[in-house]
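One structure is given here, and the rest of the page talks about it.
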Amino acid sequence: DAGVIQSPRHEVTEMGQEVTLRCKPISGHDYLFWYRQTMMRGLELLIYFNNNVPIDDSGMPEDRFSAKMPNASFSTLKIQPSEPRDSAVYFCASSLQGFDYGYTFGSGTRLTVV
Amino acid sequence: DAKTTQPPSMDCAEGRAANLPCNHSTISGNEYVYWYRQIHSQGPQYIIHGLKNNETNEMASLIITEDRKSSTLILPHATLRDTAVYYCIVRVYNQAGTALIFGKGTTLSVSS
């Protein structure tokens, strides 16, 4: 299994531009999570899905952030418009049966907004 | 979920056992202890979890005190590749509607 695949690995964009981060979970996993990591705030949960349905989006910082999961094998996290404070590493993770089997994380997308 | 307390950093010599403590004095009876680690620039990696019995797998051992108020993750023979941030998390087993919340963890530095 190729694991959780995220793209792109690195993204540099100008303030005000739209950014889309992509994630392909492990086949068969029914939970998908989006996290953000910065030095100041550590790892923060943004949103997670169960069977493609958003369960908890209370961690999404503001309306500029949106996430979708159109099918079991693909999810996107979109920021529009982007701001310099959105610069962070964004991780996607998936798991089977929720939480007791351990999450598998992707390699992350390092976003820089200039 | 119960709060955990971990030392911010620890050092360990290569080949020696690394013992990482975690305090979770407010843990509830149905909460499990999970350990993850994050090697620089990578996503966190699941290590082990347990309820009250000691657990062992190919990566580590988890020792939970009888009163369950603290636990220790043991890496029996630490290598340089074990240098990472280690997170201790307590949460209800398979609880719908919640997800893992990461604290600041312990930065373990293994040196030769």
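We did not get these values from a lab; they are worked out from the coordinates using the rules stated. Values in this document were obtained by computation on a predicted structure and should not be read as measured data. So basically every Cβ, Gly included, is an ideal-geometry build from the backbone, and we count neighbours across all protein chains shown.
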Checklist entry - In whole Å, what are the Cα extents of the protein assembly as shown along the three principal axes, biggest one first? => result 51, 39, 33
Checklist entry - Between B:Tyr36, B:Tyr87, B:Tyr46, which gets the highest mean-square fluctuation from a Gaussian network model of chain B, Cα cutoff 10 Å? => result B:Tyr46
Checklist outcome for this item: Neighbour-count ranking for A:Arg110, B:Arg16, B:Arg81, B:Arg68 (other C-beta within 10 angstrom, fewest to most) reads B:Arg81, B:Arg16, A:Arg110, B:Arg68
Item to check | Rounded to whole Å, sorted largest first: equivalent-ellipsoid semi-axes of segment A:1-71, Cα gyration tensor | outcome: 21, 16, 13
Checklist outcome for this item: Rounded to the nearest 0.05, FRET efficiency between B:Asn53 and A:Glu18 (Cβ-Cβ, R0 35 Å) equals 0.10
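Using 1/(1 + (r/R0)^6) with R0 = 22 angstrom and r between the beta carbons of A:Ile5 and A:Arg64, what's the FRET efficiency to the nearest 0.05? It would help to have the intermediate numbers written out before the result.
Working: r = 25 Å, r/R0 = 1.13.
Calculated transfer efficiency: 0.30.
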Checklist entry - Quick one: Karplus J couplings for segment B:106-112, per residue in order, coefficients 6.51, -1.76, 1.60, θ = phi - 60°, nearest Hz, x for Gly and Pro? => result 10, 8, 9, 10, 9, 10, 8
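With a 10 Å Cβ neighbour count serving as the proxy for reagent exposure, in which order, fewest first, do A:Met69, B:Met10, A:Met15, A:Met39 appear? Don't skip to the end; give the middle numbers.
On the way: A:Met69 21, B:Met10 16, A:Met15 12, A:Met39 6.
Taking fewest neighbouring Cβ atoms as first place, the list is A:Met39, A:Met15, B:Met10, A:Met69.
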Checklist outcome for this item: Cβ density ranking, 10 Å radius, fewest first, applied to B:Glu66, A:Glu44 yields B:Glu66, A:Glu44
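So, R0 is 25 Å and r is the distance between the beta-carbons of B:Thr5 and A:Met39; what FRET efficiency does that work out to, to 0.05?
Details: r = 21 Å, r/R0 = 0.83.
About 0.75, to the nearest 0.05.
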Next on the checklist: A 26 angstrom limit on the alpha carbon distance is what I want to check against. Which of B:Lys3/B:Lys52; A:Lys68/B:Lys3; A:Lys24/A:Lys78; B:Lys52/B:Lys104 exceed it?
Outcome noted: A:Lys68/B:Lys3
Checklist entry - Which whole-angstrom value gives the distance between the alpha carbon centres of segment A:43-97 and segment B:6-62? => result 27
Item to check | Average partner coverage of A:11-23, which counts Cβ from other chains inside 10 Å | outcome: 0
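Rule-of-thumb check for segment A:19-114: C-alpha Rg over 2.2 N^0.38 Å? If you can, show how the numbers build up before the last one.
On the way: Rg = 12.7 Å, N = 96, 2.2 N^0.38 = 12.5 Å.
So segment A:19-114 has a normalised radius of gyration of 1.02.
Against the globular-protein guess of 2.2 N^0.38 Å, express the Cα radius of gyration of chain B as a ratio, rounded to two decimals. Don't jump to the answer; show the numbers that get you there.
On the way: Rg = 13.4 Å, N = 112, 2.2 N^0.38 = 13.2 Å.
Against the empirical 2.2 N^0.38 Å value, I get 1.01 for chain B.
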